[in-house]
Amino acid sequence: MRAFFSMVKTALRQQLQYRSAMLAGVFTQLVFGLILIMVYTAFYDNGYSVMGGMALGQAVSYVWLSQGTYRMMPWSGIKDVEAMMRDGRIAFELARPLDLYNMWFARSMAMRTAPLLTNLPLVLLAACLMPEGLRLTLQPAWLVLGALSLGLGMLVSAAMTAILTGTYFWTISGQGINRILPMIGSFCAGNILPLAFFPEGVRFALRMLPFASMLDAPLRILVGTVDVRTALSVIGLQLFWLAALTALGRVVLRAGVKKCMVQGG
Amino acid sequence: MESIKTYFLLALADLRSQMQHKASFVLGAVGNFCATIIDFLGIWTLFASFGALDGWTLAQIAVLYGVINLSFSIAEAVGRGFDLFAGMVKSGDFDRVLLRLRGTLFQVLSSRLELTRLGRFAQGAGVLILGIAAQPQGMSAGQLGLLLLCILGGVALFLGLLMMQAALCFWTVESLEAFNVLTYGGVTMAGYPLSVYRSWFRRFFLYVVPLGCLNYLPAAVLFGKDLPYPAFTAYLAPVAGGLFLLLGALVWQLGVRHYRSAGA
């Protein structure tokens, strides 16, 4: 736990070194948010008040939340580890007196948390100040369950990051599959468009996959499209995926370490 | 004429070096294809659920989307040197560029031809062809010619944008990502009809960065939409693109004059 907090602090400090890059990121997310909201509004204007259980106002909030949590998605494994695999520093990493999986999980978590601490409040603040129809509105009643689910979503995302990092044992260049999988994952998570907009069967299947547990689950609770029972079962599913992905991550890492060979020197 | 020959000489040399890592190139192109086709998958899903968008059908949107994505993919492939330019300034390599006899714009342009962008090109072309094929009245040769002009204008406009982004490096190498709002954000924005946006937003993309001239205005005229603008605006794409490219080149020259080497 102490190791984790010091990692978050380091990641956050790193993050704050590049303040203008961070602000540029926030600006980009705001513009993309505006584009999506205006497009969705026009789609709803085609004679729909609700789509897949989601009203327009809720879709607007969903877009803002998914823009604000954009950097929470597992876009890649831990970049440092990728470099370590190439230059052999991985040997030091394996020699540390910490459990490898726990260490990488904590580092993944720090990597996903730090940008959130800076970007999310800024995006949400700006989204609350938008003109009518583009503004974020949240129901206070759902904040507690929603925040809990968001925290679980970050843990699931960190577990996914740890698995991606584990694959570096096999592929030392971060190209290819490591580039494509996160794209597909973010699509299935609801990052490209809310899962509520998918046809019923597809929507159900997507929500069962682990990706939805990262983003769609907390977001649909936060914007209030579920009742308490559904919310609790969604959180239960998140817990299941967290356990399953953690177990899978441990297996991947163990197999990776076993086949890993460091050239001496 | 001779510069064109030199350009191909340099670009082909760069290509040969990229082709030394064939697997990496193929994966890059496939990754680019997957990453961009996902956007259209999203649009397709929206149409499957909502039916239409502001009176536009999916086939009509496919034309909008295809034109803007083709334009951007070509500009990205050709103008990748501008994208990588921040590194050139940071490392001091730009000093060497200044010593050579060719113009700086020409050298940066020919420093890289990024063929992995074939991925976006392929998906844009595929969507455009499907969109054209799905038009109930078909399209005449003249109309197809107009679309081709729009794509060329689009390439010029995006190249101008990339030049401006790179020229910013002469003042700062930080927060260049903000420019992505105009390139990547612009491509996303222009994938939908401009009429769905609020008027301030619309005006920005018609009068400041005229992305709307590239595909929305011509497509609206082609598909017989009500437009508050005269019909000749459908033919403005090459003009807008050309002017923007010129503007980009001017900003670039201004930047070069401002450049002070760190003396590396």
Next on the checklist: I'm told A:Ala244 meets every condition in (1) loosely packed, with under 11 Cβ neighbours inside 10 Å; (2) part of a helix (DSSP H, G or I) except one. Can you identify the failing condition by its number?
Outcome noted: (1)
Checklist entry - Hey, B:Thr45 hits all of (1) surrounded by 17 or more Cβ atoms within 10 Å (Cβ to Cβ); (2) within 29 Å of B:Met164 (Cα to Cα); (3) hydroxyl-bearing (Ser, Thr, Tyr) but one; which does it fall short on? => result (2)
Item to check | Output for segment B:192-214, where each listed residue is surrounded by 18 or more Cβ atoms within 10 Å (Cβ to Cβ) and at the interface with chain A (Cβ under 9 Å from one of its Cβ atoms) | outcome: B:Tyr192, B:Pro193, B:Ser195, B:Val196, B:Tyr197
Checklist outcome for this item: How many residues of segment B:33-44 are at the interface with chain A (Cβ under 9 Å from one of its Cβ atoms) and under 16 Å from B:Ser73 (Cα atoms)? The answer is 4
Checklist entry - Are any residues in segment A:24-67 more than 7 Å from chain B (Cβ to nearest Cβ) and aromatic (Phe, Trp, Tyr), and if so, which ones? => result A:Tyr40, A:Tyr44, A:Tyr62, A:Trp64
Item to check | Only one of A:Ala158, A:Ala110 that is away from chain B (no Cβ under 14 Å), touching a Lys or Arg at 6+ places or on another chain (Cβ under 7 Å) and closer than 29 Å to B:Gly28 by Cα | outcome: A:Ala158
Checklist outcome for this item: Those residues of segment A:209-235 which are in a loop (DSSP other than H, G, I, E, B) and more than 12 Å from A:Pro194 (Cβ to Cβ) amount to A:Leu209, A:Met214, A:Gly224, A:Val226, A:Asp227
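Considering only segment A:71-85, state which residues are away from chain B (no Cβ under 13 Å) and either in a helix (DSSP H, G or I) or free of Cβ contacts under 8 Å to residues at least 24 places away in the same chain (or both).
Let us first name the residues in segment A:71-85 that are away from chain B (no Cβ under 13 Å), namely A:72-74, A:77-85.
Hits for segment A:71-85 are A:Met72, A:Lys79, A:Asp80, A:Val81, A:Glu82, A:Ala83, A:Met84, A:Met85.
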Checklist outcome for this item: Considering residues that are closer than 19 Å to A:Tyr44 by Cα, of a type in the set (A, V, I, L, M) and assigned to a helix (DSSP H, G or I), the number found within segment B:38-58 is 5
Checklist outcome for this item: Expected single match for modelled with pLDDT of 85 or more, over 26 Å from A:Gln17 (Cβ atoms) and assigned to a helix (DSSP H, G or I) among A:Ala110, A:Ala162, A:Ala91, A:Ala147 is A:Ala147
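The values are calculated or read from the model by the stated rules, or taken from the named source; none is laboratory data. A quick note: this is a predicted structure, and the numbers were derived from the prediction, not measured. Every residue, glycine as well, gets a Cβ built from its backbone with ideal geometry; the counts of neighbours run over all protein chains shown.
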